[in-house]
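What follows draws every value from the coordinates through simple rules; no lab data is involved. These numbers were taken from a predicted model, which means no experiment stands behind them. Note: ideal-geometry Cβ built from the backbone for every residue, glycine included; neighbour counts use all protein chains shown.
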Amino acid sequence: MYLSEIQRGRLLLKCDWCGVEFTRRKSYRWNTGNDFCGRVCQSQWHSKQMREGYNHQRGKPHAEGTKAKIAEAHRGKTFSLEVNKKKGRSGPSNKFFGRKHSEETRKIISIKAKKRFSDVLERLKDSDNAKARWADTKYREEHLKYSFAALNMRPNKLEQVVDTMLRSYFPNEWKYCGDGSVTIGGFSPDFINVNGKKLLIEVFGNYWHVDAPDTPSYRREKPRKAIFRKYGFRTLVLWEKNIRSKAPECIAKEVEAFVAKE
């Protein structure tokens, strides 16, 4: 809005966002029909308009050239789960949450998905993108946290045996965290020391953690310890064969020796 007459070729204006008065040449005014004292105020005003639904592009399809530019700008970028929630892509904030596609729409989606899956190059591209996202420790920790919460993970029978032993011989010293409540380097250990010591306990089953060439490295004992060692944690691995064959007091002595070791 104008607050004065033209003085020496400049206009006295008032910022439509922060209300600060400023002067500007007539030729330098914003082309939005609003007056802002700087880029920051203009950006904040524009963000507010977008949030409140005053998007001038709403309901209008982009041109093919514009779509290609947007795709190129976002190619290779990943968003965290928190950002996706803020963008309304998941959960109740998603406009489609709780609704179902029609049979016709589901058939169209199925045809497109099958076509994409049959393309080897597209599958390799999806695989590379997934690996790149998973290599990001922050993304992996967030993903594990929400995945474990959704699955309602609880201690399995073997972990329950170890948990009972720890509660009996070491009360208030160990906490079960295999439910994803604690993630270190993108992995969730089974038990963590809660007395200020950076100690972990992993419970390994004979089937999933067998030391074989086709077993992923993160499921093997030495690589798993190395991952946690990067963050200053020492790890004790309790194997299923020993837990089932030895008495609880023997396992407790093994844990005691591990804690006492510097």
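Taking loop as defined by DSSP and a crowding limit of 16 other beta carbons within 10 Å, which chymotrypsin sites (Phe, Trp or Tyr not before Pro) in the stretch 171-217 fit?
207, 208
What nm value, rounded to one decimal, do you get for the distance between residue 122 and residue 137 when each label is placed 7 Å out toward the C-beta?
Taking the two extended label points, one gets 3.6 nm.
In nm, to one decimal, how far is the modelled label at residue 219 from the one at residue 67, with both set 7 Å along Cα→Cβ?
4.2 nm
Report the gain in length on full extension from residue 156 to residue 258: 0.36 nm times residue separation, minus Cα-Cα distance, nm rounded to one decimal.
34.4 nm
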